[in-house]
1. Can you tell me how many residues in the range 110-138 are among the small types (Gly, Ala, Ser) and surrounded by 12 or more Cβ atoms within 10 Å (Cβ to Cβ)?
2. Quick check, is ASP93 surrounded by fewer than 15 Cβ atoms within 10 Å (Cβ to Cβ), under 30 Å from LYS156 (Cβ atoms), modelled with pLDDT under 95 and not β-branched (Val, Ile, Thr)?
3. When THR76 is evaluated against the numbered criteria (1) over 18 Å from ASP88 (Cα atoms); (2) free of Cβ contacts under 8 Å to residues at least 12 places away in the same chain; (3) under 18 Å from the mean Cα position of the chain (by Cα), which criterion, by number, is the only one it fails?
4. Could you tell me how many of the residues in the range 69-124 are in a strand (DSSP E or B) and among the polar types (S, T, N, Q)?
5. If you take the residues in the range 1-48 that are surrounded by 14 or more Cβ atoms within 10 Å (Cβ to Cβ) and among the small types (Gly, Ala, Ser), which one is nearest to the chain's Cα centre (by Cα)?
6. Out of all the residues in the range 129-140, which are more than 17 Å from the chain's Cα centre (by Cα) and in contact (Cβ under 8 Å) with a residue 24 or more places away in the chain?
7. What single numbered condition from (1) surrounded by fewer than 14 Cβ atoms within 10 Å (Cβ to Cβ); (2) hydrophobic (A, V, I, L, M, F, W, C); (3) part of a loop (DSSP other than H, G, I, E, B) fails to hold for LEU141?
8. Only one of ILE10, ILE51 is assigned to a strand (DSSP E or B) and in contact (Cβ under 8 Å) with a residue 60 or more places away in the chain. Can you tell me which?
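The values are calculated or read from the model by the stated rules, or taken from the named source; none is laboratory data. What you see is a predicted model; the values in this text were computed from it and never measured. Virtual Cβ from ideal backbone geometry, glycine too; neighbours counted across all protein chains shown. What goes into the accessible areas is simple: the full protein's heavy atoms, side chains included, and nothing from ligands, DNA or RNA. Shrake-Rupley method; radii C 1.70, N 1.55, O 1.52, S 1.80 Å.
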Amino acid sequence: MKEKLEVGQIVNTFGIKGFVKIYPYVDDISRFDDLKNVYIKSKNQEIKLEIEEVKYQKNMVLLKFKGIETVEQAETLRNSYIEIDRKDAISLDEGQYFIADLLGLPVFLDTGDNLGILDDIYNNGSTDIYVVKNENGKQFLLPYIDEIIKEIDLKKNKIIVHLLEGLVDF
């Protein structure tokens, strides 16, 4: 399991006092109120910054970091990802998972056949969609519903699915 979890991406600056605008990857954005420090990860670096202030604007999070005082300094963080230590993550209920723990898991049909690897997860508004990619690069889109996603087993490192007739074309 990964030691750090992505919780958002810096998409812009906000104002002139060093705030950054975050596109959150969490279900409840008020979660940012409880964070003291985060890691800012870009292609070139990873730095730990202390959160000085948290604000909200629509469905976005505005963060002010200690030591980032100008829009120019904030601009250097644009397109970076916000990560937290796993120990700082919220507790999940049974049947809930961090996306980072699921990505890369092998996906098997309930017949035992290997369908591929979980490549991505996105939400279409009503449910999560699991993107499974096979060894030939073909993608299968599976909605996260009980009739299809039968079992997620992090200990055995696998996901078991049942394909409804007509759902995917081999």
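1. The total comes to 1.
2. yes
3. Here THR76 meets the rest and fails (3).
4. Residues flagged as in a strand (DSSP E or B) and among the polar types (S, T, N, Q) within the range 69-124 amount to 2.
5. GLY8
6. Answer for the range 129-140, where residues must be more than 17 Å from the chain's Cα centre (by Cα) and in contact (Cβ under 8 Å) with a residue 24 or more places away in the chain: just PHE140.
7. (3)
8. ILE10
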